Amino acid sequence: MAGFIERYSLWTDEQKASAERIKATIQEKNLLLIRTAWEDQHGIMRSKSLLPGAFFSALENGMQISTGTYIFDTANALVYNPFIPGGSFDMPAMTGAPNLVLAPDPTTFKVVPWAERTAYILCDQYFKDGTPMPLSSRTILRRALSVLHQQGLEYVAGLEVEWHLSKLENPMLEISHMGAPGSPAEPPQVSSVEHGYQYLQESFHPEVQALLLQIAENLVAMELPLRSMENEWSPGQYEFTFEPMSGTAAADAMLLFRVAVKQICRLNGYHASFMCRPSLKGCYSNGWHLHQSLTERDTGKNAFAAAEPAALMSDLCKHFIGGLLAHAGAASIFAVPTINGYKRFAANSLAPDRANWGYDNRGAMIRLQGGFGDPTTHIENRLGEPAANPYLYMASQIIAGLDGIERQLDPGAPTEEPYAAQTQMLPKSLMDAAELLKRDTLYRNSMGDVFINFILTMKESETKRFLESMGGCPPQDYLEKVTDWEHREYFALF
């Protein structure tokens, strides 16, 4: 009898060929643990480690996991009661906390260079009848890519990610610091790895050179297309960039990059955080600038490049930008999913505070780079935070951009004064972003009511706990400055 994966025709020919190579690699390298991994709704990697025999079985029959990761918010507070009809999701298949089936994606198999005899493989999630799990972020992105492919286009993304590095002084592992569900453990205590604000300071390299070299070597060994590393403005702030990648590969790379950096740093006595703005003296906000373009699937030609000397970009690119601006408010919850991330939006801060676009302007939300004769013409969305779920961030861009193309939306003229432009302001908080998503029919129609309600319920749990912790404080006291609650919630998690 055919196994689960063959029975439901879940793999392409490329995946089937990759699966055979994986089996040989496991035996040749004497691998013992294969971390079968998937993303949760928060963009955090979850995994189970299988020994070779169990993993070979999973390559035929998949691997069963519980639906448990879907019922918790960012602090593992219980949001859904799975023991009522529909499991609180209005989905009969979720009644009673049943098992899902993970189907490994053989094209994502990576030997882990910092852990002995270990590998990673990313998985897609299905119900037992072979139906894709509609709450899976990777499923949401695959669906958006499928619509794009039907129009003869491919999505290409380049990652530019800022993160914070500090020296681990006390991991705070005493039992008294462990917290409880809905109340995170005490965040680790850290010290700075360099002295003061010095943008691109070369002389600071010796203090962290050995660690950065080790990170680079490991990322390259995992075949993640690392392009550059640089010291950013605030102490311990770094920016890594990656070569452009197509389709799900870019989102997969972001997921692996974050977990790789966090684990390598911890092994060396450091703490890496992709939290947007840690509550540490001297910390500046981290952003995730998403570089993106579309190419023609049959020719590989850049569909954003201008065809005439007088144009900066193609009409398709112009309309894509129009869609991003039209849905910027609602899309914020996917690009900036934490309470902390909204502390980054401020005038003259190199982060946007309103929805507009400019030509090579770092103050605008959308920065166009390139022009006539430049085959690398693309746009950079400067909205996102590095804690964003990469699958949802990218899917939200594709969905909004395609709406702009379909409706031929005009983004207007490029701005030269992005912080003074008379354009739509970005939401000031996660609460505001949730309200905008509730009113945006595009994402409901594209991602489905069940998924949008799921995300909103998750964020309502997170914001409810936050607001309760603020007591009677006026909003200006917690919407502008970073609170201890945020540092405890996000500093170790992301």
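The values are calculated or read from the model by the stated rules, or taken from the named source; none is laboratory data. Bear in mind the structure is a predicted one, so any value in this text is a computation, not a measurement. In this analysis, Cβ positions are derived from the backbone assuming ideal geometry, glycine residues included, and neighbour counts consider all displayed protein chains. Calculation scope for accessible area: heavy atoms of the full protein, side chains included, ligands and nucleic acids excluded. Shrake-Rupley method; radii C 1.70, N 1.55, O 1.52, S 1.80 Å.
Tabulated results
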item	result
Output for the stretch 21-33, where each listed residue is in contact (Cβ under 8 Å) with a residue 24 or more places away in the chain, of a type in the set (A, V, I, L, M) and assigned to a helix (DSSP H, G or I)	ILE22, ILE26
Criterion (hydroxyl-bearing (Ser, Thr, Tyr), at pLDDT 95 or above and in a loop (DSSP other than H, G, I, E, B)) met by exactly one of SER47, SER9, SER57, SER18	SER9
Residues of the stretch 320-354 that turn out to be part of a helix (DSSP H, G or I), of a type in the set (A, V, I, L, M) and open to solvent by 10 Å² or more (accessible area, probe 1.4 Å), as a count	2
Strands (runs of 3 or more DSSP E) (entirely within the stretch 213-319) containing at least 1 residues that are open to solvent by 20 Å² or more (accessible area, probe 1.4 Å), among the β-branched types (Val, Ile, Thr) and in contact (Cβ under 8 Å) with a residue 12 or more places away in the chain	288-296
Members of the stretch 221-232 that are closer than 13 Å to PHE257 by Cα and more than 20 Å from the chain's Cα centre (by Cα)	ALA221
Test: residue in the stretch 182-189 that is part of a loop (DSSP other than H, G, I, E, B) and charged (D, E, K, R)	yes
Flag for LYS459 being among the charged types (D, E, K, R), closer than 14 Å to GLY329 by Cβ and open to solvent by 10 Å² or more (accessible area, probe 1.4 Å)	no
Set ALA157, ALA144: member being over 30 Å from LEU280 (Cα atoms) and outside any strand (DSSP E or B)	ALA144
Among residues of the stretch 436-455, those that are without any contact (Cβ under 8 Å) to a residue 40 or more places away in the chain and closer than 20 Å to HIS42 by Cβ, counted	2
When residues of the stretch 72-92 are limited to those that are within 27 Å of the chain's Cα centre (by Cα) and part of a helix (DSSP H, G or I), the one surrounded by the most Cβ atoms within 10 Å (Cβ to Cβ)	GLY87
Wholly within the stretch 355-438, strands (runs of 3 or more DSSP E) carrying at least 2 residues that are of a type in the set (Asp, Glu) and open to solvent by 10 Å² or more (accessible area, probe 1.4 Å)	none
Pairs where the first residue, in the stretch 383-399, is farther than 14 Å from GLU160 by Cα and the second is in a loop (DSSP other than H, G, I, E, B), C-beta under 6 Å, 6+ apart	ASN389/GLY43
Test: GLY182 is of a type outside the set (Ser, Thr, Tyr), surrounded by 15 or more Cβ atoms within 10 Å (Cβ to Cβ) and within 30 Å of THR299 (Cα to Cα)	no
Residues satisfying the stated conditions in the stretch 93-138, i.e. open to solvent by 50 Å² or more (accessible area, probe 1.4 Å) and at positive phi	ARG117
Test result for SER203, hydroxyl-bearing (Ser, Thr, Tyr), at pLDDT below 95 and outside any loop (DSSP other than H, G, I, E, B)	yes
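Yes/no matrix, rows are residues, columns are (1) exposed (fewer than 13 other Cβ atoms within 10 Å of the Cβ); (2) closer than 30 Å to THR338 by Cα:
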site: GLN15; (1), (2): no, no
site: SER18; (1), (2): no, no
site: LYS23; (1), (2): no, no
site: LYS29; (1), (2): yes, no
site: TRP38; (1), (2): no, yes
site: MET45; (1), (2): no, yes
site: LEU50; (1), (2): no, no
site: GLU60; (1), (2): no, no
